[in-house]
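First up is the structure itself, then whatever we jot down about it.
The values are calculated or read from the model by the stated rules, or taken from the named source; none is laboratory data. This one's a predicted model, so the numbers in the text were calculated from it and none came from an experiment. Positions of Cβ are generated from backbone atoms using ideal geometry, with glycine treated the same way; all protein chains shown enter the neighbour counts. With ligands, DNA and RNA removed, areas are computed over all heavy atoms of the protein, side chains included. Shrake-Rupley method; radii C 1.70, N 1.55, O 1.52, S 1.80 Å.
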Amino acid sequence: MLKIFTIIYSMNDFVNASEYNPEEKYNLFLLVDMDYFYAACEIRRNPKLKDKPVAVYHSVGERGAILTANYIARKLGIKSGDSLSKAKKVKGLVLIEADMEYYKKVSNEIFRFLKGFGEVEQVSIDEGYILFHGTYEEAFELAKTIQEAIYQKFSLPCSIGIGYNRVIAKIACEYAKPNGIKMVRRSEGEEFMKNVEVDKMYGVGEKTTKLLNEIGIYKGEDILKADPSKLREVLGDRTASMLYLLAKGEDPYKYSKREFPKSIGVIRTLEEDKNKDEILELVLAMVYEISAEMQTNDIFGKTLTLKVIYSDFENRSYSKSLSEYTNDFEKFAEIAKELLSEVEEKKIRRVGITISNLIPRRGKGLI
Ligand code: DCP
Ligand code: MG
Ligand code: MG
């Protein structure tokens, strides 16, 4: 258990990244987020402000806070959350009181327009996911079209992140800002996350960031290198497994808004054909990935299936069920080892692990 993160780390060499096929269609997510939205709305209705530092604030009585600032103002050190009194000291800064009604109206118009490009999941006043099925290249073309169209129609800049899940799209968008497009393919996901700072990760707030920094974890790669038992001790099981999935470029929350899954699985192609005794570490790493996903989503399961595709393209599946529902890595790892021992002595090309017979969280009478 203790060594599993490092095992997974070294497994990268094993996985065939050249599997990516430019013709292939995927379910992709385009996160469209407006740039310095409230300030951009103000500049839109008063174009004279275009090259000036602009900040929008909200105030109650004497006290006020900055809600956002354009990038010129950000260069002067102004950001959302700053106090109005601090902002007032910045020479040349244009301060405008928030007009929420106007921003909501503009937002509604933008989202009505975006719905013309596909199914949209709005997540805040200025951002939403467009669900897209197609190739990565098509997704990138669509993003360019949308960005240009929004600018033409509303005179507002936006940035777009494209990813194979919501979390990757969201983080990619941060990197695209301002007024850019950033796409991360599945084969690039883990590499991309290596340099992502923990506070940029979805669901990681100030408190978790502080705890992580205290034990020397700043970026995605530090999470994968960390001692997992230490991570669990500091953060608790659930947050630790959530972070692990994020660092791997996976979406820990992917079941939250959707149908409950029938099974959770991963499949990997080996860089070169291997014997069964050479794939144990990879198999355990895959089991760990799935159990972490189950732990973050409060999912429990009973049946583990190991699928082996031999180099002659024949394939076989081996399954075993536990007597109880669990999401404990050790329990599934034991079955995986047992199943692997039953595998034929032939060269292996691909290997898959699936856990099925799933139930949501620990419920009365269920476990
Ligand atoms: N907002 C707010 N309070 C905050 C952060 C943001 O009221 N603490 C408001 C003002 C923003 C809008 O929500 O304009 C959208 O938030 P974003 O986080 O998307 O920030 P911006 O669009 O302003 O800037 P960016 O270009 O970084 O997306
Ligand atoms: Mg924004
Ligand atoms: Mg936003």
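Remarks
- Applying the set (1) in a helix (DSSP H, G or I); (2) in contact with a helix residue (DSSP H, G or I) (Cβ under 9 Å, 6 or more places away or on another chain); (3) more than 16 Å from ligand 3 (Cβ to nearest atom); (4) of a type outside the set (S, T, Y) to I72 leaves exactly one unmet item: (2).
- Restricting segment 155-186 to residues that are assigned to a loop (DSSP other than H, G, I, E, B) and more than 14 Å from ligand 1 (Cβ to nearest atom), the residue that is surrounded by the fewest Cβ atoms within 10 Å (Cβ to Cβ) is S155.
- Subset tally (residues that are polar (S, T, N, Q), more than 16 Å from R45 (Cα to Cα) and either within 15 Å of ligand 3 (Cβ to nearest atom) or open to solvent by less than 60 Å² (accessible area, probe 1.4 Å) (or both)) for segment 105-141: 3
- A single member of L304, L211 is in contact with a helix residue (DSSP H, G or I) (Cβ under 7 Å, 6 or more places away or on another chain), assigned to a strand (DSSP E or B) and touching a residue at least 24 places away in the same chain (Cβ under 8 Å), and it is L304.
- Odd one out for Y102, checked against (1) within 15 Å of A39 (Cα to Cα); (2) within 16 Å of ligand 3 (Cβ to nearest atom): (2)
- Scan segment 56-70 for residues that are buried (at least 17 other Cβ atoms within 10 Å of the Cβ) and over 31 Å from the mean Cα position of the chain (by Cα) and the total you get is 1.
- Residue in segment 35-42 that is at pLDDT 90 or above, surrounded by 21 or more Cβ atoms within 10 Å (Cβ to Cβ) and more than 23 Å from C173 (Cβ to Cβ) present: no
- Which numbered condition A292 misses (of (1) in contact with a helix residue (DSSP H, G or I) (Cβ under 9 Å, 6 or more places away or on another chain); (2) more than 26 Å from R232 (Cβ to Cβ)): (2)
- Criterion: at pLDDT 95 or above, open to solvent by less than 30 Å² (accessible area, probe 1.4 Å) and not in a loop (DSSP other than H, G, I, E, B) - qualifying residue of F29, F5: F29
- Scope segment 328-340; condition part of a helix (DSSP H, G or I) and touching a residue at least 12 places away in the same chain (Cβ under 8 Å); matching residues: F329, E330, F332, A333, I335, A336, K337, E338, L339, L340
- Failed item in (1) open to solvent by less than 50 Å² (accessible area, probe 1.4 Å); (2) assigned to a helix (DSSP H, G or I), with K144 passing the rest: (1)
- Scanning segment 142-161 for residues that are more than 15 Å from F111 (Cα to Cα) and within 16 Å of ligand 3 (Cβ to nearest atom) gives a single hit, G161.
- The set of residues in segment 214-254 being open to solvent by less than 40 Å² (accessible area, probe 1.4 Å), assigned to a loop (DSSP other than H, G, I, E, B) and of a type outside the set (G, A, S) consists of I217, K248, E250, D251, P252.
- Only one entry in I78, I66, I130 is in contact with an Asp or Glu (Cβ under 6 Å, 6 or more places away or on another chain), at negative phi and not in a helix (DSSP H, G or I), namely I66.
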